[in-house]
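Heads up: the structure comes next, in structure tokens.
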Amino acid sequence: MQKKFKRTTVTSALPYANGPVHIGHLAGVYVPADIYVRYLRLKGEDVLFIGGSDEHGVPITIKAKKEGLTPQDIVDRYHNIIKNSFKEFGISFDVYSRTTSKTHHEVASQIFKTIYDKGGFVEKTSEQYYDEEAKQFLADRYITGECPHCHNQEAYGDQCEKCGTSLSPLELINPKSAISGSKPVLKETKHWYLPLDKYENWLREWILEGHKEWKTNVYGQCKSWLDMGLQPRAVSRDLDWGIPLPIENAEGKVLYVWFDAPIGYISNTKELLPNDWEKWWKSEDTRLLHFIGKDNIVFHCIVFPTMLKAEGSYILPDNVPANEFLNLEGDKISTSRNWAVWLNEYLIDFPGKQDVLRYVLTANAPETKDNDFTWKDFQARNNNELVAIYGNFVNRTLVLTQKYFEGKIPACGELTEYDSTTLKEFASIKKSVEDLLDVFKFRDAQKEAMNLARIGNKYLADTEPWKLAKTDMKRVETIIYLALQITANLSIAFEPFLPFSSEKLRNLLNMDSFNWNELGRTDLLKTGESVSQPELLFDKIEDDAIEAQIQRLLNIKQQNALNNFKPAEVKQQVSFDDFGKLDIRVGTILECIKVPKADKLLQFKIDDGMGGRTIVSGIAKYYPNPEVLVGKQVCFIANFESRKLKGVESQGMILSAEDADGRLVVVSPSDIVRSGVSVC
């Protein structure tokens, strides 16, 4: 029997304050969390939605050092960007604070001290890399060297970003400090560890036996970690940016960011409700839910619960509905490569279209597996679903109301069998949406909400009130009355998903109040009341707006390729006399065609200033439309010995080079010159 709760605490993963939020974060965490919270509020339930910025850790110190700023400067910048973007996007946090706050430092220190005083940590001394020039221990990311697997010379102490292998600093070949460039030495240091291994049996019972209802991806990842066996995890590190350990003989040591960050949920609640926060975190009749991405499953299902269990006075999560990852245009989203759609930039490029992105991210939600966002799909879902289905039905209904009844809601007459069938169909939507939201299936729940608009469109198309208006206005009154009731229901059904357009629709309908329990009713709007003049809920998104976004990504991909380009090793040296044997000239392409039955070959007719020549080159796959090369000047080797390729005699070799994308492009002079001149 499912336990009854009086209230629900909802947390969403704290975004790391070294960059803005992107669509992967939104799809995996913040949009589903916001949908669920808005749904609970509509039902009149007691719910608190907690958010905030994660502001400690090594990546922030690295970014600060690169920019010549303090870590506080960095987190202040991005905390404000993230907070403002969330607000404009409609993520309805009750509080959005940060882990550099005074309250957070106090709460995190208190939780550490409580566990410490109970003897809940293991103290260990180990050897770690130390920079003698900088006089500090080095975090894993401050150590670079050669990867032992792919031999990348710039691997980090925790991971090689070229081959993706997880590493420890001791595995690096020829390690060096990223701070001073010097070779680090091993030096003893003392740290405190959370003994996860001691909680393994309890975790098995609590998760594997007690929470079989958790999503498959969450349950499976937990089981995998438990089956591998848990190890003690350091809760402190040598760093000058973070929360100092609140114990003696721990100078220069701070709480590890993984330990202090989730405590931010608690400290942010206390900041919001200083006198009433404990019931949201310590009362057994409170349900705790963590919305996260799959990279945070272990921390929120194993590590954080163990911390709370060790402290002893906090409730544990009832569910952790984690999602998988969202990719972008078929490629993994990467902040370091700028391969992302950033929320703050989207809000500038598509003003007033918050609900469009919310709708598309929910429709493509990576709930059970990784999914993909493409700009073409974004455009298609807006134009073919939001505009053509939802918006079209609402607009037709309001236009007909103005045309036939001067904007007043008509009376409902006798229902036909078709009316009754339609009403039964749309009345069932509430339970369908509700059942799906209750088990965190937001993608399917949104589909059901859209089905309500499809029912409305079909009803108008089948009843054709514009034709009946010539002969039977009584019947038209009933049709428009029912269409308006469906419209009013849409404003409730879509409220969790599309809050901005739902509010706009309620304003058009002059609805003063609404709640979830009213969904499915046919008397939301009263006969004789007025509706406003029609306005489009959604606008079409034109091709040029989408092409601009696609081009931006192409530019980023090209720039990344240039940044990562490394020249091939120089071949064996040749003498000047050997080079002088090559006769390199400039020619103008007169004709360029594909060689029949040869996928790789192009046949060029070249004006070489000496009567012309034919050259065959194996670059066809890089020029699918070879006619674009006609008129272009190229460099070619004029004294290359002739040979036949697929029956065509080639009288030279065209020079080509690899561009940033790995494509071969013909080498051309920067200025137009006479055909036949030599290249010196």
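Annotations
Matching residues to (1) under 20 Å from Tyr199 (Cβ atoms); (2) open to solvent by less than 10 Å² (accessible area, probe 1.4 Å); (3) modelled with pLDDT under 95:
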| position | (1), (2), (3) |
| --- | --- |
| Leu255 | yes, yes, no |
| Phe259 | yes, yes, no |
| Asn268 | no, yes, no |
| Asp285 | no, no, no |
| Val298 | yes, no, yes |
| Leu308 | yes, yes, no |
| Pro317 | yes, yes, no |
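- Residue check for Asn507: in a helix (DSSP H, G or I), surrounded by fewer than 19 Cβ atoms within 10 Å (Cβ to Cβ) and at pLDDT below 95: no
- Subset of segment 641-651 (residues that are outside any strand (DSSP E or B) and either crowded, with 16+ Cβ neighbours inside 10 Å or charged (D, E, K, R) (or both)): Glu641, Lys646, Gln651
- For segment 114-125, a residue qualifies if it is touching a residue at least 40 places away in the same chain (Cβ under 8 Å), out of contact with any strand residue (DSSP E or B) (no Cβ under 7 Å at 6 or more places or on another chain) and either open to solvent by 30 Å² or more (accessible area, probe 1.4 Å) or part of a loop (DSSP other than H, G, I, E, B) (or both), and the qualifying residues are Thr114, Tyr116, Lys118, Gly120.
- Filtered residue count, segment 347-366, keeping only those that are touching a Phe, Trp or Tyr at 6+ places or on another chain (Cβ under 9 Å) and either crowded, with 22+ Cβ neighbours inside 10 Å or assigned to a loop (DSSP other than H, G, I, E, B) (or both): 13
- Close pairs (9 angstrom Cβ cut-off, 6 or more residues apart or separate chains): without any contact (Cβ under 8 Å) to a residue 60 or more places away in the chain and within 17 Å of Gln446 (Cα to Cα) in segment 365-380, surrounded by 17 or more Cβ atoms within 10 Å (Cβ to Cβ) and of a type outside the set (S, T, N, Q) anywhere: Asp377/Val360; Asp377/Ala363
- Only one of the listed residues (Leu194, Leu226, Leu230) is of a type in the set (A, V, I, L, M) and crowded, with 22+ Cβ neighbours inside 10 Å. That residue is Leu194.
- Identity of the residue in segment 1-30, among the polar types (S, T, N, Q) and at pLDDT below 95, that ends up nearest to the chain's Cα centre (by Cα): Asn18
- Subset of segment 270-318 [part of a loop (DSSP other than H, G, I, E, B), farther than 20 Å from Trp202 by Cα and within 28 Å of the chain's Cα centre (by Cα)]: Ile292
- Exactly one residue out of Ile91, Ile111 is under 24 Å from Leu289 (Cβ atoms), of a type outside the set (Lys, Arg), part of a helix (DSSP H, G or I) and open to solvent by less than 30 Å² (accessible area, probe 1.4 Å): that is Ile111.
- Taken over segment 162-208, the residue count meeting the criterion of being within 18 Å of Gln136 (Cβ to Cβ), among the hydroxyl-bearing types (Ser, Thr, Tyr) and part of a loop (DSSP other than H, G, I, E, B) is 2.
- Only one entry in Phe405, Phe373, Phe393 is open to solvent by 10 Å² or more (accessible area, probe 1.4 Å) and either within 27 Å of Leu468 (Cβ to Cβ) or under 13 Å from the mean Cα position of the chain (by Cα) (or both), namely Phe405.
- Residue in segment 461-470 that is open to solvent by less than 40 Å² (accessible area, probe 1.4 Å) and part of a helix (DSSP H, G or I) present: yes
- Filtered residue count, segment 628-680, keeping only those that are among the aliphatic types (A, V, I, L, M) and touching a helix residue (DSSP H, G or I) at 6+ places or on another chain (Cβ under 8 Å): 4
To keep it simple, each residue is scored yes or no on (1) under 31 Å from the mean Cα position of the chain (by Cα); (2) surrounded by 15 or more Cβ atoms within 10 Å (Cβ to Cβ); (3) touching a residue at least 40 places away in the same chain (Cβ under 8 Å).
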residue: Tyr142; (1), (2), (3): yes, yes, yes
residue: Cys150; (1), (2), (3): yes, no, no
residue: Gln159; (1), (2), (3): yes, yes, no
residue: Glu171; (1), (2), (3): no, yes, no
residue: Ile179; (1), (2), (3): no, yes, yes
residue: Lys183; (1), (2), (3): no, no, no
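The values are calculated or read from the model by the stated rules, or taken from the named source; none is laboratory data. Since we're looking at a predicted model, the values are computed, not measured. Positions of Cβ are generated from backbone atoms using ideal geometry, with glycine treated the same way; all protein chains shown enter the neighbour counts. Accessible surface is based on the protein model in full, side chains and every heavy atom, while ligands, DNA and RNA are left aside. Shrake-Rupley method; radii C 1.70, N 1.55, O 1.52, S 1.80 Å.
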